[in-house]
Amino acid sequence: MKRLLTILLLISVVSISFGQGYKEKKEKIKALKVAYITEKLSLSTEEAQKFWPIYNTFDEKQFEIRHNKLRKVMDKIENGGIENISEKEAQSLISEMESNEDEMHQLKKKFIQDLQKVLPAKKIILLKKSEDEFNRKLLREFRERKGK
């Protein structure tokens, strides 16, 4: 849950800061991420051809869950304010959050299963590490730019 909130915060901050030209900057970040992951995993041509369609499909579905579903829940909380929702509405939001988390978990499990067909286990673990490193670097760079 802590990781999810951190990711939501990162996405929110990045999207707010980009404003105009969001799509261009998103594509630039995606290109940097692809290059970073490809380098860190030392993907062969054959591995890359099989890996990237799986990864891109996962990334799109993950984005959809985070932005379309989880964001809607967060918007309901932020717009109405926690103080202004009934206990019944709060229970409904909790159920919706749990459902979204379950969907995300199932998506990640399928992603790992699909990756195991095309990459060795060590590279799958390295992928997770590389994504985390990339996200930390992106956040650090954003903070530095915001501070200037």
Taking the Cα atoms only, what angle lies between the long axis of helix 45-64 and the longest principal axis of the chain, rounded to 10 degrees? 0 degrees
Angle between the Cα long axis of helix 87-116 and the longest principal axis of the chain, 0 to 90 degrees, nearest 10? 10 degrees
Using the basic label-point model (7 angstrom from Cα toward the beta carbon), what is the GLU101 to ARG143 distance in nanometres? 2.6 nm
Evaluate Rg over Rh across the range 2-147, taking Cα atoms for both radii and Kirkwood's formula for Rh. 1.01
Assertion target for TYR22, TYR36, TYR55, ordered by fewest C-beta neighbours within 10 angstrom first, is TYR22, TYR36, TYR55
Cα long-axis angle, helix 71-80 against the chain (0 to 90 degrees, to the nearest 10): 20 degrees
Using 7 Å Cα-to-Cβ label points, what is the ASN56/LYS88 separation (nm, one decimal)? 4.7 nm
Mean ellipticity per residue at 222 nm, deg cm²/dmol - from DSSP H runs of n ≥ 4 across the chain, formula -39500 (n - 2.57): -29000 deg cm²/dmol
Let's see if you can work this out: charge +1 on each Lys and Arg Cβ, -1 on each Asp and Glu Cβ, no other charges. What is the dipole magnitude of the chain about its Cα centre, in debye to the nearest 20? 700 debye
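Only the coordinates and a few stated rules stand behind these numbers; no lab work does. This structure is a prediction, so every number in the text was calculated from the model and none was measured. Methodologically, a virtual Cβ is constructed for each residue, glycine included, from the backbone with ideal geometry; neighbour enumeration extends over all protein chains shown.
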